[in-house]
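The structure appears right after this line, and notes come after that.
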Amino acid sequence: MASRAQSSHGKRGARAGGRPPGKGTRGPFGKLIAALALLGTSVAGAERIAAQAPRDGERFRNLEGPEERGGLGVVLPFFGRKIASSFFPRKGAPHVPYDLQAMQHNPSLTWIGHSTMLVRMDGVTFLTDPMFSERASPVSFAGPRRLVPPGVPLDALPPVDFATLSHDHYDHSDLPSIRALVARGVRFVVPLGLGDVVREAGGEATELDWWDHVTIGSVRVHCVPVQHFSGRSLTGRNERLWAGWVVVGPTRRFFHAGDTGYFRGFTEIGARLGPIDLAAMPIGAYEPQAMMRYVHMGPEEALQAALDVRAHRVVAMHWGTFDLTDEAPTEPPVWFRTEAFRLGLDEDRAWVLKVGETRPF
């Protein structure tokens with residue numbers, strides 16, 4: 001489909017191609033405030049094939065703009081609602097026991113929760129945005145709590161060749177999870193500037209700019225543009241790059257979109273690196289739209305983005321694990337299935353997994 005999908009739902013049909021939230025200070029309470037606000041150099045072996053990510057001085061920026069963050073009349077009530085809702089947890093994604101035998105299948109994908117996927121393809125095993133902690137927060141005693149446990153616990157993971165990080169927000173770059181994987185010898189591939197988080201955990205990271213790539217074993221890992229922002233402190237916005245990842249092997253191509261709003265760059269990714277066998281697309285964290293639509297996609301946009309990158313199959317992620325925004329945590333997959341049906345994508349083409357579920361691709 002060449003044209004962008006239009007929602008059949010009134011309140012979502014007005015969504016256009018995307019807009020953002022903000023970020024925080026030092027010390028545990030300052031970091032916690034920053035984390036709530038978030039909710040809402042080439043290394044040897046990397047090769048550049050095209051333009052770098054655009055910059056404004058020392059800060060990175062998106063390919064499309066302007067950013068729309070919502071005024072104080074939107075932002076302050078939103079954070080008030082999220083603080084209040086933290087005392088009344090809502091229902092999360094369904095969960096099933098993990099199947100070790102199914103996880104041995106190559107190629108296969110296991111949804112561990114949020115944006116964390118265990119992927120096996122073309123002889124390598126890798127993780128995306130590994131997040132195994134109880135809270136998406138810089139502190140252990142406060143911040144968004146998991147609604148559902150990890151689909152596979154850390155100690156049950158098979159040997160992992162590498163892990164990718166899409167950006168530095170706490171629900172995607174979790175220091176305790178990184179530290180645990182570093183202890184197992186896992187190497188990391190990250191966007192520019194995010195290597196310092198991995199090094200803080202005692203590990204090593206290959207930092208890539210947009211359209212750089214690095215070869216690991218039998219696959220080539222490509223860093224591609226997405227539309228988001230970065231910052232782990234109130235003063236560090238956009239000092240680290242954000243990215244998606246296309247992993248290309250001899251028989252399979254996998255795309256992990258990280259965290260992103262809808263933008264025209266998906267078409268370029270498809271033109272350069274498609275067709276994609278399986279695309280993991282974020283479908284949640286879209287309300288309030290005035291604050292979120294630039295940096296997060298809803299289900300309709302996620303499906304259109306999958307078509308843009310020329311994906312044969314798409315799997316929904318970034319829903320039902322943490323209660324980050326206003327929509328019900330279980331709402332996104334309902335709209336995802338409805339829109340997929342409208343587009344003629346059956347359940348074999350548009351996946352909604354349970355946490356812990358594994359499927360071959």
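The values are calculated or read from the model by the stated rules, or taken from the named source; none is laboratory data. In this text, all values refer to a predicted model and were calculated from it rather than measured experimentally. With ideal geometry, Cβ positions are generated from the backbone for all residues, glycine too; neighbour counts draw on all protein chains shown. In case anyone asks, the SASA skips ligands and DNA or RNA and just uses the protein heavy atoms, side chains included. Shrake-Rupley method; radii C 1.70, N 1.55, O 1.52, S 1.80 Å.
Can you list the trypsin sites (Lys or Arg not before Pro) in the range 254-343 that are in a DSSP coil and have 13 or fewer other beta carbons within 10 angstrom? Passing sites in the range 254-343 are Arg264.
In nm, what is the difference between 0.36 nm times the number of residues separating Thr215 and Thr330 and their Cα-Cα distance? Write down the numbers at each step before the final one.
Numbers: separation 115, 0.36 × 115 = 41.40 nm, distance 3.73 nm.
Result for the pair: 37.7 nm of gain on full extension.
Segment Arg55..His105, full-extension length gain: 13.8 nm, with 0.36 nm per residue of separation and the alpha-carbon distance subtracted.
Backbone phi angles across the range 154-169, fed through the Karplus curve with coefficients 6.51, -1.76 and 1.60 (θ = phi - 60°), yield HN-Hα couplings of 3, 6, 9, 5, x, x, 10, 7, 7, 9, 10, 10, 8, 5, 8, 5 Hz in residue order; Gly and Pro are listed as x.
What's the magnitude of the charge dipole for the range 204-361 around its Cα centre, counting Lys and Arg as +1 and Asp and Glu as -1 at the beta-carbon? Answer in Debye, nearest 20.
On the way: 16 positive and 21 negative charges, 88 e Å.
Using only the charged Cβ atoms, the result is roughly 420 debye.
Once you have a ≥ b ≥ c as the square roots of the Cα gyration tensor eigenvalues for the chain, tell me rounded if a/c is under 1.5, and otherwise prolate or oblate according to whether a/b is larger than b/c. Note, shape of the chain comes out rounded.
Couplings 3J(HN,Hα) of the range 230-245, computed from phi: 9, x, 10, 8, 5, 9, x, 4, 6, 7, 10, 7, 10, 6, x, 9 Hz, in residue order, whole Hz [Karplus 6.51 cos²θ - 1.76 cosθ + 1.60, θ = phi - 60°; x for Gly and Pro].
Normalising by the residue count of the range 150-232, find the relative contact order in percent from Cα pairs under 8 Å and 6+ residues apart. Don't skip to the answer; put the middle values down first.
Working: 105 pairs, mean separation 21.2, N = 83.
Here the relative contact order equals 26 percent.
The overall shape of the range 249-302, judged from the alpha-carbon gyration tensor, is prolate: a/c is not under 1.5, and a/b is greater than b/c. Using the rule -39500 (n - 2.57) for each DSSP H run of four or more residues, divided by the residues of the chain, the 222 nm mean residue ellipticity is -6500 deg cm²/dmol. Per-residue accessible area (protein heavy atoms, 1.4 Å probe) orders Tyr286, Tyr170 as Tyr170, Tyr286, starting from the largest. Couplings for the range 324-337, taken from phi via the Karplus curve 6.51 cos²θ - 1.76 cosθ + 1.60 with θ = phi - 60°, read 9, 9, 6, 5, 4, x, 9, 6, x, x, 5, 5, 4, 5 Hz in order; Gly and Pro are left as x.
What whole-number distance in Å separates the alpha-carbon centres of the range 235-309 and the range 50-126? First find each Cα centre; the distance between them is then 10 Å. Surface listing: Arg59, Arg253 arranged by accessible area from highest to lowest gives Arg59, Arg253, probe 1.4 Å. Between Thr267 and Arg184, the modelled label-to-label distance comes to 4.1 nm, taking each label 7 Å out from Cα in the direction of the beta carbon. Taking Cα centre as origin and charging only the Cβ of basic (Lys, Arg, +1) and acidic (Asp, Glu, -1) residues, the dipole magnitude of the range 76-151 rounds to 500 debye. Of all beta bridges that DSSP places with both ends in the chain, some 60 percent have antiparallel geometry. Taking all protein chains as shown and a probe of 1.4 angstrom, Met297 keeps an accessible surface of around 0 Å².
Thr338 sits with roughly 60 Å² accessible to a 1.4 Å probe, with DNA, RNA and ligands left out of the calculation.
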